[in-house]
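The values are calculated or read from the model by the stated rules, or taken from the named source; none is laboratory data. Everything quoted here is computed from the prediction, not taken from an experiment. Don't worry about glycine lacking a Cβ; one is built from the backbone with ideal geometry, like all the others, and counts go over all protein chains shown.
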Amino acid sequence: MQFVEPSREVLAETLLAAGPGAPTLCEGWLTQDLAAHLYLREHNPRVGLGLVLKPWRKATERATAELADRSKTPETFAALVEKFRAGPPKLSPFALKSVDQVANLTEFFIHTEDVRRASDRWAPRTLDPGYSEVLWAELLKRAALMYRGVDLGIVLVNPAGPRHVAKRAPVSVAIIGDPGELLMHANGRTGHALVTFEGQPDAVALLRTADVGL
């Protein structure tokens, strides 16, 4: 099943509901900064390069900040979100379904939660089982990279049954949670992920302070 387009809709609606000037879990970013990032990565190839290539990073940050600054009012913010909602241009690599799936499936889920969970009052969403399955599958592809800086073995445990050894080491910690929560933890949102841990107390304490994510 295709979940990227519905996820785009949910993210757009979440941004509109929050409005400009609202906090996010992305350090230093308000909602207009996040909306600018989402729009530019699909519409401006040079900005997209800056997300993966260090020499282009300053230009990317500058372009994002400038667009965010122009999108502070409710009207300009809503217009920017609607442009993002409309999707990438036809000639963009993101217009290819295969690229869209790889690049946007987890991106949209995480950034939706970045807005939702920055509020003092939020509750976890009940996800479609098929959506949870594809989030789990995408997590497994990236888990070793996300936990590479952790000096522990990491076992991801999905309460629905599957377990995955993300990293092997003499001492391991099991991280237990639904796929979306595990995905949030693996992407550095460790303080906002509804997960539990099993392991030696000192190992769990080390994981709680570890640098997780890219």
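Please verify whether GLU27 is of a type in the set (Asp, Glu), at pLDDT below 95 and part of a helix (DSSP H, G or I), treating the condition exactly as stated.
It is false that GLU27 is of a type in the set (Asp, Glu), at pLDDT below 95 and part of a helix (DSSP H, G or I).
Which of the residues spanning the range 123-168 are within 27 Å of ASP202 (Cβ to Cβ) and of a type in the set (Ser, Thr, Tyr)?
Selection gives TYR147 alone.
Report yes if ALA86 is free of Cβ contacts under 8 Å to residues at least 12 places away in the same chain, of a type in the set (A, V, I, L, M, F, W, C) and touching a Gly at 6+ places or on another chain (Cβ under 8 Å), otherwise no.
Answer is no for this residue.
Exactly one of these conditions fails for LYS72: (1) in a loop (DSSP other than H, G, I, E, B); (2) of a type outside the set (Ser, Thr, Tyr); (3) modelled with pLDDT of 95 or more; (4) under 21 Å from the mean Cα position of the chain (by Cα). Give me its number.
The number of the failed condition is (4).
Determine the pairs where a residue that is free of Cβ contacts under 8 Å to residues at least 60 places away in the same chain, located within the range 93-118, has a partner that is small (Gly, Ala, Ser) and in a helix (DSSP H, G or I) with Cβ atoms under 8 Å apart, the partner being 6 or more residues away or on another chain.
PHE94/ALA103
Looking at the range 180-194, can you tell me whether even one residue there is β-branched (Val, Ile, Thr) and touching a Lys or Arg at 6+ places or on another chain (Cβ under 6 Å)?
Scanning the range 180-194 turns up no residue that is β-branched (Val, Ile, Thr) and touching a Lys or Arg at 6+ places or on another chain (Cβ under 6 Å).
Is it fair to say THR64 is within 20 Å of the chain's Cα centre (by Cα), at pLDDT below 95, of a type in the set (Ser, Thr, Tyr) and closer than 27 Å to HIS192 by Cβ?
yes
Could you count how many residues in the range 136-164 are acidic (Asp, Glu) and over 18 Å from ILE110 (Cβ atoms)?
Number of matching residues: 1.
Working only within the range 132-167, note down all residues that are surrounded by fewer than 19 Cβ atoms within 10 Å (Cβ to Cβ), of a type in the set (A, V, I, L, M) and either closer than 19 Å to VAL102 by Cβ or not assigned by TED's automatic domain parsing to the domain that holds MET184 (or both).
If the condition is that a residue be surrounded by fewer than 19 Cβ atoms within 10 Å (Cβ to Cβ), of a type in the set (A, V, I, L, M) and either closer than 19 Å to VAL102 by Cβ or not assigned by TED's automatic domain parsing to the domain that holds MET184 (or both), then ALA137, LEU140, ALA144, LEU145 are the ones that fit.
Any residue at all in the range 156-177 that is part of a helix (DSSP H, G or I), farther than 24 Å from LEU25 by Cα and not small (Gly, Ala, Ser)?
Scanning the range 156-177, I find no residue that is part of a helix (DSSP H, G or I), farther than 24 Å from LEU25 by Cα and not small (Gly, Ala, Ser), so the answer is no.
In the range 154-187, how many are touching a residue at least 40 places away in the same chain (Cβ under 8 Å) and within 14 Å of the chain's Cα centre (by Cα)?
Matching residues across the range 154-187 total 8.
Residue check, SER119 against (1) hydroxyl-bearing (Ser, Thr, Tyr); (2) part of a loop (DSSP other than H, G, I, E, B); (3) at pLDDT 95 or above, all met but one. Which one?
The failed condition is (3).
Select, from LEU127, LEU91, the only residue that is under 16 Å from the mean Cα position of the chain (by Cα) and in a loop (DSSP other than H, G, I, E, B).
Just one listed residue meets the conditions, LEU127.
Against the conditions (1) under 20 Å from HIS43 (Cβ atoms); (2) among the charged types (D, E, K, R); (3) in contact (Cβ under 8 Å) with a residue 24 or more places away in the chain, where does GLU133 fall short? Just the number, please.
Condition not satisfied by GLU133: (1).
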